[in-house]
Amino acid sequence: MLDSIGRKINYLRISVTDLCNLRCRYCMPEDGLCKKDHKDILRIEEIEDIVRESAKIGIDKVRITGGEPLIRRGIIELVEKISRIKEIKDIAMTTNGILLKKYARALKDAGLNRVNISIDTFDKEKYEKITRCGNIEDVLEGVKEARKVGLAPIKLNTVLMGGFNDDEINDFVNLTMKENIDVRFIELMPLGQASTWAKENFIPNTTILDRFPELMPLCKDDKGSPAKYYKLPNGKGRVGLINPISNHFCSSCNRIRVTADGKIKPCLHSNYEINIRSLLEESIKLSDILKLAIESKPKEHTINDLEYEPVIRNMYQIGG
Ligand code: SAM
Ligand code: SF4
């Protein structure tokens, strides 16, 4: 389906939980969050219905995210259900990778195509510091297992933070020289937990290109991907730059998001949400609710404007 300015919307991102087994400093409060009542979180069957109706109006690509999707009960069953919807051509997941060693095989068998794994540092102590509790060995084993079972391509997501991991840019970029893996640098966004300190720790992704002038830009073959891809000469993998702040990609935005508590967010950087359950109670059809969300996508976000109103939800509540 086309939105009001003619963008083709074919990508649905669903947050299946707002809980997480990590506490990344830019995403989660240190003491975690009040667990929502079970009934306030979309049931697996409700998520399946949303995907099925979305597929009828042109969604063919789904990403499952969170919070941490691998701690959601029924996650394998959900992947299986989505994989049976014939219009859906691509099912991906964004995960912190901690539980991937355990679940990669079952996910692949259920029909998951690929995973993006978040990892902001290769250093054990720094990883523990930024996640407040994580063990990097678990993630590295998860990456290995994902490769072994054929969840491909594997993309690593790295949030670039000044004074934290800018000294590891070389390690991340050089990994693409020897490994067939995509490393994607994401600019720190001023959302929720990070809304106050993002400005101090923000460094633009152009830093990567300044350090690696030999990175060659690649033709954009993945339409709708927010990443611009580059390659080192003779590199096996790619380096992706996701620049929501310094160079936003609103004009090619192809997505809508559904939060774990059943709100559709037409734009990540806006507080505007559509409450699915309350509209269903007013007897509005699910397909009309989804159409309304697509039609109400704004032309672009206003993060760089003076009057920008920061987004209240954290990424774990939106589904990053
Ligand atoms: N728990 C999973 C994970 O970490 O991959 C999925 C959810 S997480 C919210 C999705 C992505 O959002 C992660 O790659 C994370 O680094 C990113 N993220 C969270 N807060 C962010 C922020 N303020 N700015 C940029 N990226 C952020
Ligand atoms: Fe959890 Fe992902 Fe947020 Fe880290 S970024 S706290 S792993 S939801």
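The values are calculated or read from the model by the stated rules, or taken from the named source; none is laboratory data. Note that the structure is a prediction, hence the values are computed from the model and not measured. Neighbour counts are summed over all protein chains in view; Cβ atoms, including those assigned to glycine, are modelled from backbone coordinates with ideal geometry.
Here are a few things to note about the model shown:
- Residues of region 111-140 that are among the acidic types (Asp, Glu) and either under 19 Å from MET161 (Cα atoms) or within 13 Å of ligand 2 (Cβ to nearest atom) (or both): ASP120, ASP123, GLU125, GLU128, ASP138.
- When the residues of region 53-71 are filtered to those that are within 10 Å of ligand 1 (Cβ to nearest atom) and not charged (D, E, K, R), the one that is surrounded by the fewest Cβ atoms within 10 Å (Cβ to Cβ) is ILE71.
- Some residue of region 24-31 being more than 16 Å from ligand 1 (Cβ to nearest atom), farther than 23 Å from ILE117 by Cα and either among the basic types (Lys, Arg) or exposed (fewer than 15 other Cβ atoms within 10 Å of the Cβ) (or both): yes
- Residue count for region 176-202 under the criterion of being part of a loop (DSSP other than H, G, I, E, B) and either within 16 Å of ligand 2 (Cβ to nearest atom) or modelled with pLDDT of 90 or more (or both): the result is 9.
- Which listed residue, of ILE289, ILE294, ILE284, is touching a Gly at 6+ places or on another chain (Cβ under 9 Å), of a type in the set (Val, Ile, Thr), modelled with pLDDT of 90 or more and outside any strand (DSSP E or B): ILE294
- SER118 vs. criteria hydroxyl-bearing (Ser, Thr, Tyr) and closer than 20 Å to ARG52 by Cα: no
- Check on ILE119, modelled with pLDDT under 95, surrounded by 16 or more Cβ atoms within 10 Å (Cβ to Cβ), farther than 20 Å from PRO233 by Cα and touching a strand residue (DSSP E or B) at 6+ places or on another chain (Cβ under 6 Å): no
- Restricting the first member to region 190-210 and to residues that are under 15 Å from MET315 (Cβ atoms), and the second to residues that are of a type in the set (Lys, Arg) and in a loop (DSSP other than H, G, I, E, B), the beta-carbon pairs closer than 9 Å and six or more apart or on different chains are LEU191/ARG313; GLY192/ARG313; GLN193/ARG25; ALA194/ARG25; TRP197/ARG25.
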